[in-house]
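Note sheet for the following structure.
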Amino acid sequence: MKRMMIAAAVLLVSATGMAQEVASRAKAMRMMNFSRPEYQIKDIKVYTDTMTVYSLADYVVYPLGVWESVEAYITGNQLSWYRDVGYKRYYDSMEVSVNRMRRGDDSYVDMYYSIWTKKVELIGGYIADSAVALVNGLKVGMAKDEVFKVFFKRYPKSYTSDVAVLKVVSGAGEIAEIYTFRGQKLRHIKVETSYKYY
């Protein structure tokens, strides 16, 4: 009898997990219908409190815009930055000059000028300063609804009510923007890349 109760409990837990997975996938597929065409969203995954959006748009790779030099970015955004310059090993064969641009708080962005793309490439960053805005207008302190409206034309509010983290990932998965919410406000933005630095 005890074994049957344990088996029934395990079956109930696995059935609940499968039902939640199906519900999450259905929610993600429905959200695809509401996505803005300019972001070229190809897939959405929802897992517990995190929604991951896969986009083919250039915006995801260049959230701070396309710049021809680090100096152009500094003068173009009209913000005061503290600049640290160092070197990082890139693909075991060369060293590249990496600029860490810092604000008065914990906000920073790491970038370098690529000789291959002839553009400033973003390596990583953490933005908690509301003065720093991304190209699409997103900045810390915005309402969660305003953030989702940048990527989606409309959507059922219940689909995003439990979302605490929105990850927007490039098509090849080499760069991700992570928007973290506290309540109904955007708390901070993090940028992660898989560029091979050592």
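The values are calculated or read from the model by the stated rules, or taken from the named source; none is laboratory data. Because the structure is a prediction, the values reported are computed rather than measured. Backbone-built Cβ (ideal geometry, glycine too); neighbour counts: all protein chains shown. Note: accessible area is taken over every heavy atom of the protein model, side chains too, but ligands, DNA and RNA are not part of it. Shrake-Rupley method; radii C 1.70, N 1.55, O 1.52, S 1.80 Å.
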Once both label points are put 7 Å beyond Cα along the C-beta direction, the LYS42-ALA164 separation in nm becomes 3.1
Area accessible to solvent at MET94, 1.4 Å probe radius, in Å²: 60
Probe 1.4 Å, all chains present, heavy atoms only: LEU79 accessible area in Å², nearest 10, is 40
Please compute, for the alpha-carbon atoms of segment 120-198, the extent along each of the three principal axes and give them in descending order in Å. 42, 28, 20
Wrap a convex hull around the Cα atoms of segment 71-186, take a quarter of its surface area, and give that in square nanometres. 8.8
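How do ILE178, ILE115, ILE44 stack up against each other in accessible area, from largest to smallest, with a 1.4 angstrom probe?
On the way: ILE178 25, ILE115 95, ILE44 0 Å².
Heavy-atom accessible area, descending, gives ILE115, ILE178, ILE44.
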Pairs beyond 29 Å (Cα-Cα), from LYS118/LYS167; LYS88/LYS185; LYS88/LYS144: LYS88/LYS185; LYS88/LYS144
